[in-house]
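The values are calculated or read from the model by the stated rules, or taken from the named source; none is laboratory data. Because the structure is predicted, anything quoted here is derived from the model rather than measured. Positions of Cβ are generated from backbone atoms using ideal geometry, with glycine treated the same way; all protein chains shown enter the neighbour counts.
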Amino acid sequence: MRKVRIGALVSGGGTNLQSVLDAIGRGEINGEVVVVISDRPEAYALERARKHGIKAVHMDRKKCGTGIQAELEGMQVDVVVLAGFLTILDRDFVKAYEGRIINIHPSLIPAFCGKGFYGEKVHRAAVEYGVKVSGATVHFVDEGTDSGPIILQAAVAVAGDDTAETLAAKVLEIEHKLLPEAVRLYCSGSLRIEGRIVRISGEGC
């Protein structure tokens with residue numbers, strides 16, 4: 001069975017990217033990351049890619065539409081994984097890869113998501129709101145912001161003394177499990193989108 005070709009878009013340190021690479025290394029995912037693209041030249045995710053012998057590309061934000069698409073097409077990428085990518089992708093790009101872009105978001109969508117909710121801002125909002133649970137969501141990307149069909153979610157308890165920083169650490173731990181699992185399911189052909197619902201093979205669908 002041919003390995004699925006994965007392109008990863010990352011803006012920061014790339015720990016979620018690393019979780020996917022580790023799962024691939026353990027033979028859990030029928031795929032390979034063939035290119036890592038970052039909108040920030042100093043992103044450590046690019047160094048992670050180089051250490052694994054993966055093509056690492058910095059792409060100026062002004063080119064984060066046609067430029068990224070051309071790079072991915074040149075590498076014959078099958079699925080795009082957003083592993084902490086902070087630049088909004090334009091509609092043409094999303095349309096070109098419809099049903100083939102996976103994103104991880106650090107909340108239980110539809111809570112604390114959408115425009116302006118990214119990084120620590122998400123966790124600060126959750127703590128200030130006083131929620132008792134938060135978590136992470138992996139979803140397909142559509143033309144909205146954090147509005148695509150949900151693939152997987154997992155929750156963590158929010159303690160009374162949690163801060164944005166401590167909650168972020170809790171959520172990141174489950175992100176490192178959810179994202180590789182979602183990529184594994186995609187690469188095994190186990191996901192099917194029906195409207196807003198993502199059906200997973202083996203769940204009676």
(request) Only residues that are surrounded by 13 or more Cβ atoms within 10 Å (Cβ to Cβ) and of a type in the set (A, V, I, L, M): list them for segment 52-79, please. (result) I54, A56, V57, M59, I68, L72, M75, V77, V79
(message) Looking at segment 180-201, I want the residues that are closer than 21 Å to L21 by Cβ and have a partner that is hydroxyl-bearing (S, T, Y) with Cβ atoms under 6 Å, at least 6 apart or on another chain. Which pairs are those?
(response) P180/S19; S190/S201
(message) Quick check on segment 158-177. Is at least one of its residues under 21 Å from R5 (Cα atoms) and surrounded by fewer than 21 Cβ atoms within 10 Å (Cβ to Cβ)?
(response) yes
(request) Filter segment 91-134 for residues that are touching a Leu at 6+ places or on another chain (Cβ under 6 Å), within 21 Å of R192 (Cβ to Cβ) and not β-branched (V, I, T) and give the result. (result) N103
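For residues that are in a loop (DSSP other than H, G, I, E, B) and either among the hydrophobic types (A, V, I, L, M, F, W, C) or in contact with a helix residue (DSSP H, G or I) (Cβ under 8 Å, 6 or more places away or on another chain) (or both), scanning just segment 45-59, find the one that is farthest from E98 (Cα to Cα). Explain how you work it out, then say what you get.
Taking segment 45-59 and keeping what is in a loop (DSSP other than H, G, I, E, B), we get 52-54, 59.
Next, only the ones that are either among the hydrophobic types (A, V, I, L, M, F, W, C) or in contact with a helix residue (DSSP H, G or I) (Cβ under 8 Å, 6 or more places away or on another chain) (or both) stay: 52, 54, 59.
Details: H52: 28, I54: 24, M59: 21 Å.
Checking each candidate, the answer is H52.
Filter segment 60-90 down to the residues that are part of a loop (DSSP other than H, G, I, E, B), at pLDDT 90 or above and in contact with a helix residue (DSSP H, G or I) (Cβ under 8 Å, 6 or more places away or on another chain) and list them by number. Let's see the steps before the verdict.
Taking segment 60-90 and keeping what is part of a loop (DSSP other than H, G, I, E, B), we get 60, 64-65, 75-78, 83-90.
Now drop any that are not at pLDDT 90 or above, which leaves 75-78, 83-85.
Correct list: A83, G84.
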(message) Which of the numbered conditions does V81 fail, given that it passes all the others? Conditions: (1) in contact (Cβ under 8 Å) with a residue 40 or more places away in the chain; (2) farther than 19 Å from N16 by Cβ.
(response) (2)
(request) Return the residue satisfying two criteria in turn: it lies in segment 24-33 and is within 16 Å of the chain's Cα centre (by Cα) and surrounded by 16 or more Cβ atoms within 10 Å (Cβ to Cβ), and of such residues it is nearest to A70 (Cα to Cα). (result) V33
(request) Considering every residue within segment 119-126, establish whether at least one is in contact (Cβ under 8 Å) with a residue 24 or more places away in the chain, of a type outside the set (K, R) and in a loop (DSSP other than H, G, I, E, B). (result) yes
(request) State which residue is nearest to E73 (Cα to Cα) when the search covers only segment 25-42 and only residues that are out of contact with any strand residue (DSSP E or B) (no Cβ under 6 Å at 6 or more places or on another chain) and free of Cβ contacts under 8 Å to residues at least 60 places away in the same chain. (result) E32
(message) Being within 24 Å of D39 (Cα to Cα), basic (K, R), modelled with pLDDT of 95 or more and under 16 Å from the mean Cα position of the chain (by Cα): is that true of R100 here?
(response) yes
(message) Quick check on my filter: what residues within segment 103-116 are over 16 Å from the mean Cα position of the chain (by Cα) and surrounded by 15 or more Cβ atoms within 10 Å (Cβ to Cβ)?
(response) A111, F112
